[in-house]
Amino acid sequence: METLALTDPTDLAERSLARVWHPCTQMHDHAGGADANIPLIPIRSAEGVWLEATDGRRYLDAVSSWWTNLFGHRHPHIVASLKDQLDTLDHVIFAGFTHEPAVAVAERLCKLAPKGLERCFFVDNGSAAVEAALKMSFHYWRNVGKPKKSRYIALTGGYHGETLGALAVGHTGIYRDTYAPLLMNPIHVASPDCYERAPGTSWEDHTRRMFADMELALEQHAHEVCAVILEPLVQCAGGMRMYHPVYLTLLREACDRHGVHLIADEIAVGFGRTGQMFACEWARISPDFMCLSKGLTGGTLPLACVLTRDPIYQAFYAEHRLGRAFLHSHSYTGNPLACRAALATLEIFEQQDWPSRARLLGQYLFNALAPLRSHRHVADIRQQGLIVAVELARSTRTREPFAASDRRGLRAYRHALKSHKDFGVLLRPLGDVVYFMPPYVIEPREIQTMAQIAIEAIDIATQ
């Protein structure tokens, strides 16, 4: 059988540019002129927090490969579990059939999740999880005789994925605006984003004040609203904007009072990232639906799920003739390999208190970035667990942003890749927000290296 020969890095990059359309990318940036000369980096292997390119250069994965890789690349327990699973069952239709990896994952997730989440519906990715939750909520109200409840409330600055339903309840213009004519019309209320708080105002006071917009929306629209959807504590793709847990406490009370579901999109913030296993735990609340993905398989295979309450499940449980079934599916729903990776990931969580480690490492990283606190173009440094974000601005006094066309974040990204002769750091700024979401296995010395290179990159990017 013919095998793929190792190619030099330039060759592989050119082959990719000739045939592959990369995600969330203006391809001209990789193949255009001098103003858009961003290298496409061919990776051949990975281990721990490091990626290795085909030319031997190493890159510290400061963003956990799009926030998925919790315990480092090729974690031996996950790798061994996948090899074992491949020897027995690769895939089987999940309608009318079941298997041990899926059942075991569902059992463990329901045991770990906030109280009351007792049913697990598997899907393929985060956007699909949001789509399923939105449909479940609407369908629930239809099944219980309230079909007029057909709208959603969401936060400005939120992001929930890029399929049409998920995109509709998001509010990040760069992803959403082009497709606006295709989207349903949710009710967006002002985010409690604490970057916007007045000087001298505490996070909690600002967050409480901002809840008034949500309360008003629920008072006016609860009769037509299925659910409120939000990212607990951190609006990730919207710029790593953060808010106080009191918002979740107030929202849970308000949703109960107005008869509206609460959907917690924990796709990016779940599994210890905020310093608790799930971000909702900071407020000690349970949503009606919780969407999970990304870290669920430790960054190895695509898998997602929606956890929900048994009374919601029971609203669909009926004789076939009543037509109440939830007819939503994916070809690879509950894939045994992906479920086995998830099971191995959950087993690693049992070995030590990883959320506590995330809190400690996050504080260490926050401290390592201390030189930026007096930087003339750093308007804010914020942290929640092992998420740290640095907001760049033209003026720290007025918080006037740089012109988008300046692409300051991109300048920082490019410098971090090439800053050291032997290695670089993979940052992927969100506009002019340079953020860090490294794997939980990163060591303090690696954090220091990552922070120092990022400080240099920000200096150069803001000159």
If you take the alpha carbon radius of gyration of region 22-178 and divide it by 2.2 N^0.38 Å, what ratio comes out, to two decimals?
-> 1.38
Please compute the Cα-Cα pair-distance distribution of region 123-253 with 5 Å bins starting at 0, giving whole percents from short to long.
-> 2, 11, 19, 21, 21, 15, 7, 3, 1, 0
Sorting Ser137, Ala168, Leu155 by the position of each Cα along the dipole of region 108-241 (Lys, Arg +1; Asp, Glu -1; all at Cβ), the one nearest the positive end of that ordering is Ser137
Computed FRET value (nearest 0.05) for Glu319 with Asp11, which takes r as the C-beta separation and R₀ as 60 Å | 0.45
For the chain, alpha-carbon Rg and Dmax in angstrom | 22.4, 68
Linear extension gain, Leu360 paired with Val79, 0.36 nm per residue minus alpha-carbon span | 98.5 nm
Residue separation times 0.36 nm, minus the C-alpha to C-alpha distance between Asp256 and Thr98: what's the value?
-> 53.4 nm
Value of [θ]222 nm, deg cm²/dmol, for the chain, DSSP H segments ≥ 4, -39500 (n - 2.57) each, nearest 500 = -11000 deg cm²/dmol
What are the DSSP H helices in the chain that stretch 24 Å or more along their long axis, judged by alpha-carbon atoms, and whose average Kyte-Doolittle hydropathy comes to at least 0.0?
-> 444-461
Can you give me the relative contact order of the chain as a percent, contacts being Cα pairs under 8 Å and 6 or more apart?
-> 20
Residues Leu183 and Glu219, FRET efficiency given R0 of 25 Å [Cβ-Cβ distance, rounded to 0.05] | 0.50
How far apart, in nm, are two points set 7 Å out from the Cα along the Cα-to-Cβ line at Arg399 and at Asp205?
-> 1.5
So, counting K/R as plus one and D/E as minus one, what does the shell of residues with Cβ under 15 Å around Lys146 add up to?
-> +3
Read phi for every residue in region 159-164 and hand back ³J(HN,Hα) as whole Hz from Karplus 6.51 cos²θ - 1.76 cosθ + 1.60, θ = phi - 60°, with x for Gly and Pro.
-> 9, 9, x, 10, 6, 5
Looks like region 59-132, by Cα gyration tensor root eigenvalues a ≥ b ≥ c and the a/c under 1.5 rounded cutoff (else prolate when a/b is bigger than b/c, oblate otherwise), is oblate
Distant-in-sequence amide H partners of Leu155 (H built 1.01 Å from N, under 5 Å) = Val189
Furthest towards positive pole of dipole, Phe402, Pro429, Met290, structure part the chain, Cβ charges = Phe402
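Once the other residues with Cβ under 12 Å from the Cβ of Gly161 are scored (Lys, Arg +1; Asp, Glu -1), what is the net sum?
-3
What net charge do the residues around Arg209 carry, taking every other residue with its C-beta under 14 Å from that of Arg209, with Lys and Arg at +1 and Asp and Glu at -1?
With Lys, Arg at +1 and Asp, Glu at -1, the neighbours total -4.
With charges only on Cβ, +1 for K and R and -1 for D and E, what is the dipole size of the chain about its Cα centre, in debye, rounded to 20? Can you show the working numbers first?
Working: 47 positive and 50 negative charges, 155 e Å.
Rounded to the nearest 20 debye, it is 740 debye.
Rule-based calculations on the coordinates, nothing more; no lab input. Quantities reported herein were computed from a predicted structural model and do not represent experimental measurements. Neighbour counts run over all protein chains shown; Cβ positions are idealised from the backbone, glycine included.
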